[in-house]
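The values are calculated or read from the model by the stated rules, or taken from the named source; none is laboratory data. Just so you know, these numbers come straight off a predicted model, no measurement behind them. No Cβ is skipped: glycine too gets one built from the backbone with ideal geometry, and neighbour counts run over all protein chains shown.
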Protein chains: 2
Amino acid sequence: MNSTESRRQFLRQAGLSAAVAALAGPGAVAAVASPLTNTMQNDDKKKLGWAVVGLGKFATEQIMPNFKDCKHSKLVALVSGTPDKAKKLAKEYGIDEKSVYDYQNFDSIKDNPAVDIVYIILPNSMHAEYTIRAAQAGKHVLCEKPMATSEEDCKKMIDACNKAGKKLMIAYRAQYEPYNLDAIARIKKGELGKIKFITADHGRHVKPTEDKADVWRVQKKLAGGGSLMDIGIYSLNAARYLTGEEPVEVTAQIYSDPNDPRFKEVEDNVAFTLRFPSGALACCTSSYSYQSVKRGRIFGEKAWLDLDPISDYYEHNMKIGKEDGEMEPKIQEGNQFAAEMDHMSESVMQNKTPRTPGEEGLRDVRYMMAIYEAAKKGKSVKV
Amino acid sequence: MNSTESRRQFLRQAGLSAAVAALAGPGAVAAVASPLTNTMQNDDKKKLGWAVVGLGKFATEQIMPNFKDCKHSKLVALVSGTPDKAKKLAKEYGIDEKSVYDYQNFDSIKDNPAVDIVYIILPNSMHAEYTIRAAQAGKHVLCEKPMATSEEDCKKMIDACNKAGKKLMIAYRAQYEPYNLDAIARIKKGELGKIKFITADHGRHVKPTEDKADVWRVQKKLAGGGSLMDIGIYSLNAARYLTGEEPVEVTAQIYSDPNDPRFKEVEDNVAFTLRFPSGALACCTSSYSYQSVKRGRIFGEKAWLDLDPISDYYEHNMKIGKEDGEMEPKIQEGNQFAAEMDHMSESVMQNKTPRTPGEEGLRDVRYMMAIYEAAKKGKSVKV
């Protein structure tokens, strides 16, 4: 075990689990401390079995390698439309060839008792179909965000999982990431005073001609939308988990260069504002054409707190500004992917609702639709 | 001359004048290099005479002490409703007692040939009356921002100065500040690529019970509005001078705690978005109740540029983020107050329109009224 792995191990066993538990409330604390989870530790056979559906860049570069840091989750099956890629990866990860599926025979996964949970990492518009098919095959589902491309699809996904008696969780990784969890805890403790504003910006260059992983992102039929659905959702979700509130009113402006072929179908730049019941306001941007940014700031009466980046994979920074100066708290980085997957496994093992269930995904989809509507109609939309 | 003064001297003579001139175009370059200004250097008798109207905190702590760094401007008269204060300050600044006026005898300033320019530093709603009276007394006018509390007043002020053949300039100090000028120059040179977004946040605690200077700021009749008129105007103006464009559409949300006595008459928190003709969007906030912040970021296709603070009196920071990393250019700080006042004096001496004339002030007032309207009606407002 190298020092990074050792730190991650420590984090999993101590800080992060406790932090996640603290945020999930007393029930979760009990869960973390329960005999079930304690006896399972380091017992590979008691890990739940996961199937990854969709073997794109995010799945192969971020999700699959991070099972190694999981306490309660192991990768046992793959689902892909590219048999050669799937076979190669199966060999690499020691996965039985019989546990490699394609999109036609996917439903036969119901006969594979090794698979407990299916992780959907497909283009947005396919989330609904594969979540529903997975639930009908008797599997629990972790689904990437945005949950779906319409509220209707979200509701169908929730219904299908409920009907099958299976858990549904949306992969809001930032809500399992130590810096964000620490920020939430500071806000709850009142360190910033009453929250007045959230600002958050998420942008990157989408490059469909250079990067295969970006091809579907500029196709409305697959992506459902542009920068808002893909990365603006981080700004939106952060505004919600940092305030702990649901927005009541939305305004927005959207602009895409009509001469840029990337934006024939999906939007480029989005500016939106949210109003929360407490009166806190959010002012957020997303873009597919500005130099990469992933940042958020919470403005409290007593202090502001920066996370920049707020939603990176491995590196975060926190800065807090108070009347008497600025500080940069150092928090132990953690493997948010492993934490997220283990939270799902624990939710299944303990028959508990995950912290970011289907209803959480539905809310963001509803608010994003309101943002599109506000921009289109040129008026604020109550949600 | 100490080292700070020496640096300022250097800056005035080299960097800042050149930067201001470059931005003002070829005409201004000629002006800076003209024999007139050259011969005037260090010739105190050729400085224009200024009267400061209103001896509040900003006038006495920022403006009056900074005449010492002016090449073309000297303080020769005071106007105040508090005779004792005015007399004390006159003595301190070596001003003739005959050049101390009150608000009743202010119009007799027309008979004082020592006064060329009147600087209005009164509560917002009084800007119109005193600008008009000063113009009618045959004086040029530098007026604090916001220019006035209605478009109608702004137009009356412009008309009065035109009719009297006098210059009118609005005190947008950030447009005479080296870091902001450097940012504008970088944008114009294309260093950031095409501009996609501006975000800017301006907040501070307004404390009318603790700070006399804040008493009028929470009174609608005097201030015209709350955080937007007072400090949100920095976010708005920055979005305009950084893009070099005029907005075409505005959305906004406003919230003030109904139980906070400070916000019985004026607004607290404002979130607004602007759309510019190029498609660039701005997403800005202002507040009277969050921990002090004065920051702006420009998001370009190739790089982003931070100014934090963007609108401080003496200290600024710039950070630029590109694909290959971040850099923090160090720019020589400059005395924006002296630069601003000297620009006004030079405009008068050379019979040129100032870079931030009445029309510039009118535009911001128009956009601020659109922001209020958008928030009130819950719809976007075309401007």
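Listing for the model above:
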quantity: Of the criteria (1) of a type in the set (D, E, K, R); (2) touching a residue at least 40 places away in the same chain (Cβ under 8 Å); (3) surrounded by fewer than 24 Cβ atoms within 10 Å (Cβ to Cβ); (4) more than 30 Å from A:VAL76 (Cα to Cα), which one A:GLU359 fails; calculated: (4)
quantity: Leading residue by the ranking (nearest to the other protein chains (Cβ to nearest Cβ)) among those in the range B:334-353 that are surrounded by fewer than 18 Cβ atoms within 10 Å (Cβ to Cβ) and in contact (Cβ under 8 Å) with a residue 24 or more places away in the chain; calculated: B:THR353
quantity: Among (1) modelled with pLDDT under 95; (2) under 18 Å from A:TYR372 (Cβ atoms), the one test that A:ALA213 misses; calculated: (2)
quantity: Matching entry among B:GLY296, B:GLY378 (being under 22 Å from the mean Cα position of the chain (by Cα) and either buried (at least 24 other Cβ atoms within 10 Å of the Cβ) or not assigned by TED's automatic domain parsing to the domain that holds B:TYR234 (or both)); calculated: B:GLY296
quantity: Residue satisfying all of: in the range A:315-331; in contact with a helix residue (DSSP H, G or I) (Cβ under 6 Å, 6 or more places away or on another chain) and outside any strand (DSSP E or B); surrounded by the most Cβ atoms within 10 Å (Cβ to Cβ) among these; calculated: A:HIS316
quantity: Some residue of the range A:308-329 being within 14 Å of another protein chain (Cβ to nearest Cβ) and among the hydrophobic types (A, V, I, L, M, F, W, C); calculated: yes
quantity: Subset tally (residues that are closer than 14 Å to A:LEU75 by Cα and charged (D, E, K, R)) for the range A:111-135; calculated: 1
quantity: Flag for A:GLU246 being surrounded by fewer than 23 Cβ atoms within 10 Å (Cβ to Cβ) and in contact with a strand residue (DSSP E or B) (Cβ under 8 Å, 6 or more places away or on another chain); calculated: no
quantity: Test: residue in the range B:102-114 that is within 23 Å of B:PRO357 (Cβ to Cβ), outside the structural domain of B:TRP304 (by TED's automatic domain parsing) and out of contact with any Lys or Arg (no Cβ under 7 Å at 6 or more places or on another chain); calculated: yes
quantity: Residue satisfying all of: in the range B:182-240; more than 14 Å from every other protein chain (Cβ to nearest Cβ) and among the basic types (Lys, Arg); surrounded by the fewest Cβ atoms within 10 Å (Cβ to Cβ) among these; calculated: B:LYS189
quantity: Scope the range B:259-282; condition farther than 19 Å from B:ILE198 by Cα, of a type outside the set (A, V, I, L, M, F, W, C) and either in contact with a Gly (Cβ under 6 Å, 6 or more places away or on another chain) or at the interface with chain A (Cβ under 9 Å from one of its Cβ atoms) (or both); matching residues; calculated: B:GLU267, B:ASP268
quantity: Any chance A:TYR241 is modelled with pLDDT under 95, more than 16 Å from A:TYR372 (Cα to Cα) and not hydrophobic (A, V, I, L, M, F, W, C); calculated: no
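Let's see how each residue does on (1) under 13 Å from the mean Cα position of the chain (by Cα); (2) of a type outside the set (Val, Ile, Thr); (3) in a helix (DSSP H, G or I):
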| position | (1), (2), (3) |
| --- | --- |
| B:ALA338 | yes, yes, yes |
| B:ASN351 | no, yes, no |
| B:ARG355 | yes, yes, no |
| B:GLU359 | no, yes, yes |
| B:ARG366 | no, yes, yes |
| B:ILE371 | no, no, yes |
